[in-house]
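Bear in mind that the values in this text are calculations on the coordinates, not laboratory data. Values in this document were obtained by computation on a predicted structure and should not be read as measured data. A quick note on method: Cβ atoms are made from the backbone with ideal geometry, for glycine too, and the neighbour counts reach across all protein chains shown.
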Amino acid sequence: MTTILLIEDHTPLRENLREMLTLEGFRVLAAANGREGLQLAAQHAPALILCDIMMPGLDGHAVLERLRSDAATKAIPFIFLTAKGTPPDIRAGMNLGADDYLPKPVLRNDLLKAVRTRLERARQQQQRFAPNFDDPKPLEKLGISPREAEVLLWVAQGKGNHEIAEILGLSVATVKKHTIHIFEKLGVESRTAATLRAVEMLG
């Protein structure tokens, strides 16, 4: 059974998310604060962590920093749950090494899609020839610019233009322009085709 660690200080939301994930067949460990969450992560090595940002004491950013600095927990997929949905807040979390973010209130379908996507990606990366999404640099070998490589990296991870704009601190129009240039340079006509080219390079 796949274990998920949920770190959320708001009790009703924590219990609601725990029930939602348990009904989908996950084993859910729940922590009411960041320190408790770090202890559970060290003890149980969960397959994925869902963590609130705004918590008293140790907030979500501090939790992620400590997890990423520990060899035993640095590779665990990490998703932020946040009521702070502004672009600077989102970029701050992604820059710390978060794999994704979900704005509150969290819709069931969005939660399950994000969880399953990150678990599947983690499974793939454990395989020998799995793509490595940590660095966009290899994508520049496709003949695209460094910024276009950053955009393509997130396209290949299933992000839409609005999400990529927030993560990279760009306007949606700029992301769309980069995407068009990427398609032209790669000689493809769809995001799916561009993703296949990216995954081949990152593998």
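Here GLY60, GLY34 are screened, and the one residue that is among the small types (Gly, Ala, Ser), within 19 Å of ASP100 (Cα to Cα), within 16 Å of the chain's Cα centre (by Cα) and buried (at least 16 other Cβ atoms within 10 Å of the Cβ) is GLY60.
Looking across region 66-95, the residues that are under 21 Å from LEU168 (Cβ atoms) and either touching a His at 6+ places or on another chain (Cβ under 6 Å) or surrounded by fewer than 14 Cβ atoms within 10 Å (Cβ to Cβ) (or both) come down to GLY85, THR86, PRO87, PRO88, ASN95.
Report those helices (runs of 4 or more DSSP H) wholly inside region 74-175 carrying at least 1 residues which are aromatic (Phe, Trp, Tyr) and free of Cβ contacts under 8 Å to residues at least 60 places away in the same chain. Walk me through it before giving the result.
Numbers: elements: 87-95, 108-125, 146-155, 161-168.
Filter on region 74-175 gives 146-155.
No other residue among ALA98, ALA165, ALA156 is closer than 19 Å to ALA47 by Cα and crowded, with 18+ Cβ neighbours inside 10 Å apart from ALA98.
Taking the stated definitions as given, is GLY97 small (Gly, Ala, Ser) and out of contact with any Lys or Arg (no Cβ under 6 Å at 6 or more places or on another chain)? Against the criterion (small (Gly, Ala, Ser) and out of contact with any Lys or Arg (no Cβ under 6 Å at 6 or more places or on another chain)), GLY97 does not qualify.
Residues that are part of a helix (DSSP H, G or I) and of a type in the set (S, T, N, Q) within region 176-203 comprise THR179, THR192, THR195, listed in sequence order. If you filter region 150-178 down to residues that are touching a Leu at 6+ places or on another chain (Cβ under 8 Å) and among the β-branched types (Val, Ile, Thr), you find that the one that is farthest from GLY97 (Cα to Cα) is VAL175.
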